[in-house]
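Everything on this sheet refers to the single structure shown next.
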Amino acid sequence: MRITWPEFQTWISTLFSRLPAGNHAAPSSKSRQAELEKYEGFFRASFIYLFESDHQLLRFASNLFNDLLLEDARFWQEPVHFILQLKGKLKQEIENAALSSLPDLKEAGESAESLYMAAWKVLFPEGREILLNKKKAEQDLLRKRKVTLRKPNPAPLENPAREILFTSNVLLRPPLDNHSELPKNIQKVVDRHRNAAQQFWYDHPIPLDAPAENNEILYGLNGLEKMMAFEKQHGAVGSGQRLTCVLSCSVTHSYLHQVAKSYVQYLMARHGAFENLDLYLFTETDCRKIISKILKPAAERYLKITDEEFPVFGVDGEYGRHYTFLKAISALWQVLIDPQIKATFKIDLDQVFPQEILVRETGHSALELFRTPLWGAYGRDFKQRDVQLGMIAGALVNASDIEKSLFTPDVPFPNGPEHPEEFVFFSRLPQALSTSVEMMTRYGHGPLDGRKQCLQRIHVTGGTNGILVKSLFAHHPFTPTFMGRAEDQAFILSVFNSKEPLLRYVHQPGLIMRHDKHLFAQKAIKAAENGKIIGDYVRILYFSAYARMVDPDLSAVKEELAPFTGSFISAIPATIVTLRFILKGLEKAHKESADQIMEFIQTGAKRLKAAMEFTEGNPSPLQKQFEKEKRSWNRYYQTLQALADALERDDEFALKIKNMAQNMVSNAQLHAVKA
């Protein structure tokens with residue numbers, strides 16, 4: 001028998017009445033400051049309107065909404081209307097989910113654990129399964145990730161420094177200080193556009209006036225420079241060898257394209273050039289030139305396609321856009337710039353290779369770890385499907401933990417929910433399990449020997465992962481440009497159920513970078529907190545809709561991607577997101593300033609409304625966008641393959657395209673030049 005919407009409302013109301021924060025369905029306390037009471041009241045009224053049936057409470061909610069609109073319609077109109085249009089949406093979602101039962105919360109024990117274990121049966125089943133039997137959850141995950149090897153890569157990388165195109169992303173924003181000491185040519189552009197509207201948002205973009213000790217560009221590139229210096233001392237690379245690194249530059253304001261290159265070169269001139277690195281920087285403007293001068297002419301010439309604008313090839317916008325660019329650029333690089341490039345590997349600029357510890361604990365330096373024949377090997381997964389391990393994944397260790405061991409999980413197991421929101425969704429728990437099992441596995445220390453069996457990865461980090469160029473040409477993987485969170489997790493979904501052999505990540509034990517973001521980016525991380533929280537909610541909406549495109553049997557996809565990636569896939573995503581938004585808002589109303597709460601309300605209402613609309617319909621705008629981008633990426637690789645074939649026969653037009661591409665790349669190279 002299916003659970004009805006009124007039954008679900010009653011169940012949620014009972015859950016809320018027992019949460020540690022108190023009965024959120026009651027009117028706001030008079031002890032709260034008047035300014036903060038209205039924000040707390042908004043979230044209380046939102047819960048009442050959506051999940052209560054008592055007429056007196058509903059009248060309270062209606063009156064409060066009206067009072068807010070009368071007080072400041074400009075601020076409250078969008079948040080209030082967002083809540084008002086949710087009830088029908090949630091009702092339909094619950095009815096479509098066909099829930100068969102709801103645990104009796106009144107009979108749950110008095111402890112917080114008994115409450116969230118009961119609630120998680122419906123709202124967060126993966127968390128409940130982990131806590132019921134952690135050892136079994138670990139064993140089940142190892143079983144699902146096991147690959148039986150059939151054929152190692154017959155030609156693994158021999159000289160990773162020469163054969164890997166390293167990549168990373170630079171995020172720039174205008175200076176924080178109007179009187180910053182920037183070079184005159186840069187400051188002049190900034191002054192001219194001081195009132196320009198922001199177009200793109202990122203977690204913690206680098207202000208142009210960031211001091212050197214807080215500048216991720218310098219930090220990350222110095223880390224690569226030191227890595228190469230160590231490799232030379234270690235004897236892993238020749239004394240004259242240099243590492244090629246492509247940087248994409250994403251900006252909050254488009255006018256920053258004009259100064260991005262000169263700014264980075266100014267940093268290099270002021271704080272030291274890089275003797276071991278060849279650096280190239282690409283902005284959205286540079287990508288537009290590659291499209292108009294390289295990709296479009298080649299597509300028209302060899303594929304007879306005249307309507308392809310390659311809109312997916314670029315670096316501005318949500319994280320998914322530059323993430324795929326940093327993979328796809330290696331295919332163009334191999335065809336038109338350097339045929340010796342066989343793979344690409346992305347790092348984040350707040351990460352460094354701890355070389356001495358790598359050698360001490362693994363016996364290998366960073367570059368030596370890339371020589372594994374597992375990268376590019378073939379095997380069979382736990383469902384007996386053929387897979388190609390054309391991607392590679394490493395891991396992270398926190399700077400504060402590395403002295404314990406290189407193999408210290410950067411996400412430890414939590415004791416249990418600490419916030420009311422976590423009684424609905426507690427991703428740190430499956431993330432900790434996945435980190436411990438997937439990322440910290442060492443071959444020869446358990447059931448996997450690394451010769452007959454190895455581990456495939458689903459949970460990867462945005463830095464410390466790579467792909468072979470031949471796998472790019474064979475599978476055309478990408479992250480959709482609408483993905484603003486977990487772009488690394490979304491990459492594999494684009495080819496998840498494609499033809500066998502399926503493209504998968506191989507786990508490389510010891511390929512671990514030290515994560516140092518908390519050493520120098522605390523202020524920026526705090527400033528971006530609300531955006532990150534809302535992005536986490538949008539992630540649930542998008543991953544749930546995306547997974548349905550991969551396979552209509554949502555439970556099957558969720559199960560294979562579990563525990564961590566799969567936890568963001570839900571049969572009731574809008575309901576989960578709404579509950580999280582309300583509970584987090586109530587918590588913030590008790591702890592944070594009015595400005596922070598106002599930002600959370602405004603940003604949340606705007607982004608969640610847009611995300612829900614983007615995932616609705618059949619086909620939804622999300623599905624249409626995905627299909628459009630899939631066609632565009634297919635044409636990108638088809639165009640490059642056609643160019644490669646034409647170059648093989650010394651086609652004159654292809655040679656001109658190649659020469660033009662090399663000139664454009666030469667112009668993108670960074671030098672220590674004073675601005």
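Quick notes on this structure:
- If you check Lys146, Lys151 for being surrounded by fewer than 20 Cβ atoms within 10 Å (Cβ to Cβ), touching a Phe, Trp or Tyr at 6+ places or on another chain (Cβ under 8 Å) and under 30 Å from Val335 (Cα atoms), only one passes: Lys151.
- Residue that is nearest to Glu599 (Cα to Cα) [pool: residues in the range 58-67 that are of a type outside the set (S, T, N, Q) and either surrounded by fewer than 20 Cβ atoms within 10 Å (Cβ to Cβ) or within 36 Å of the chain's Cα centre (by Cα) (or both)]: Phe65
- Screening the candidates Glu356, Glu275, Glu300 for the property of being over 22 Å from Phe166 (Cα atoms) and either outside any helix (DSSP H, G or I) or at pLDDT 95 or above (or both) yields one hit, Glu300.
- Any chance Leu396 is within 22 Å of the chain's Cα centre (by Cα), part of a helix (DSSP H, G or I) and more than 20 Å from Ser471 (Cα to Cα): no
- A single member of Lys226, Lys232 is in contact with a Ser or Thr (Cβ under 9 Å, 6 or more places away or on another chain), under 19 Å from Gly272 (Cβ atoms) and of a type in the set (Lys, Arg), and it is Lys232.
- Pairs with Cβ under 8 Å, 6+ apart, first in the range 444-470 and free of Cβ contacts under 8 Å to residues at least 24 places away in the same chain and on the phi > 0 side of the Ramachandran plot, second part of a loop (DSSP other than H, G, I, E, B) and not charged (D, E, K, R): Gly444/Gly450
- Residue within the range 570-579 that is buried (at least 23 other Cβ atoms within 10 Å of the Cβ) and in a loop (DSSP other than H, G, I, E, B) present: yes
- Some residue of the range 468-490 being of a type in the set (Phe, Trp, Tyr) and under 17 Å from the mean Cα position of the chain (by Cα): yes
- Among (1) among the small types (Gly, Ala, Ser); (2) in contact with a strand residue (DSSP E or B) (Cβ under 6 Å, 6 or more places away or on another chain); (3) in a helix (DSSP H, G or I) - the single one Gly320 does not satisfy: (2)
- Residues satisfying the criterion are present in the range 564-572 (criterion: out of contact with any Asp or Glu (no Cβ under 9 Å at 6 or more places or on another chain), under 24 Å from Leu50 (Cα atoms) and in contact (Cβ under 8 Å) with a residue 12 or more places away in the chain).
- Test: residue in the range 396-412 that is over 26 Å from Leu141 (Cα atoms) and out of contact with any strand residue (DSSP E or B) (no Cβ under 8 Å at 6 or more places or on another chain): yes
- Helices (runs of 4 or more DSSP H) wholly inside the range 150-265 containing at least 2 residues that are among the aliphatic types (A, V, I, L, M) and at pLDDT 90 or above: 184-192, 216-234
- Test: residue in the range 658-675 that is outside any helix (DSSP H, G or I), touching a residue at least 40 places away in the same chain (Cβ under 8 Å), of a type outside the set (Lys, Arg) and surrounded by 17 or more Cβ atoms within 10 Å (Cβ to Cβ): yes
- From Leu655, Leu579, residue being among the aliphatic types (A, V, I, L, M) and within 30 Å of Leu36 (Cβ to Cβ): Leu579
- Against the criterion of being of a type in the set (S, T, N, Q), surrounded by 15 or more Cβ atoms within 10 Å (Cβ to Cβ) and touching a Pro at 6+ places or on another chain (Cβ under 9 Å), Gln602 qualifies.
- Residue match in the range 388-409 (condition: among the charged types (D, E, K, R) and touching a residue at least 24 places away in the same chain (Cβ under 8 Å)): no
- Near pairs, Cβ below 8 angstrom, 6+ apart or cross-chain, from the range 101-121 (of a type in the set (D, E, K, R)) to any residue that is not in a loop (DSSP other than H, G, I, E, B): Asp104/Ala118; Lys106/Thr14; Lys121/Arg128
- In the range 250-306, of all residues being basic (Lys, Arg) and closer than 30 Å to Ser239 by Cβ, the one that is surrounded by the fewest Cβ atoms within 10 Å (Cβ to Cβ) corresponds to Arg270.
- Picking from residues in the range 355-378 that are touching a strand residue (DSSP E or B) at 6+ places or on another chain (Cβ under 8 Å) and closer than 17 Å to Lys470 by Cα, the one that is surrounded by the most Cβ atoms within 10 Å (Cβ to Cβ) is Trp375.
- Selection within the range 156-208: residues that are of a type in the set (D, E, K, R) and in contact with a Phe, Trp or Tyr (Cβ under 9 Å, 6 or more places away or on another chain). The member of this set that is surrounded by the fewest Cβ atoms within 10 Å (Cβ to Cβ) is Arg192.
- Residue in the range 485-513 that is nearest to Leu541 (Cα to Cα), counting only those that are out of contact with any Phe, Trp or Tyr (no Cβ under 8 Å at 6 or more places or on another chain) and in a loop (DSSP other than H, G, I, E, B): Phe496
- Evaluated against (1) in contact with an Asp or Glu (Cβ under 9 Å, 6 or more places away or on another chain); (2) farther than 18 Å from Ile341 by Cα, Ala197 falls short on exactly one condition, (1).
The values are calculated or read from the model by the stated rules, or taken from the named source; none is laboratory data. These figures come from a predicted structure and were not determined experimentally. Glycine also receives a Cβ, built like all others from the backbone with ideal geometry; neighbour counts cover every protein chain displayed.
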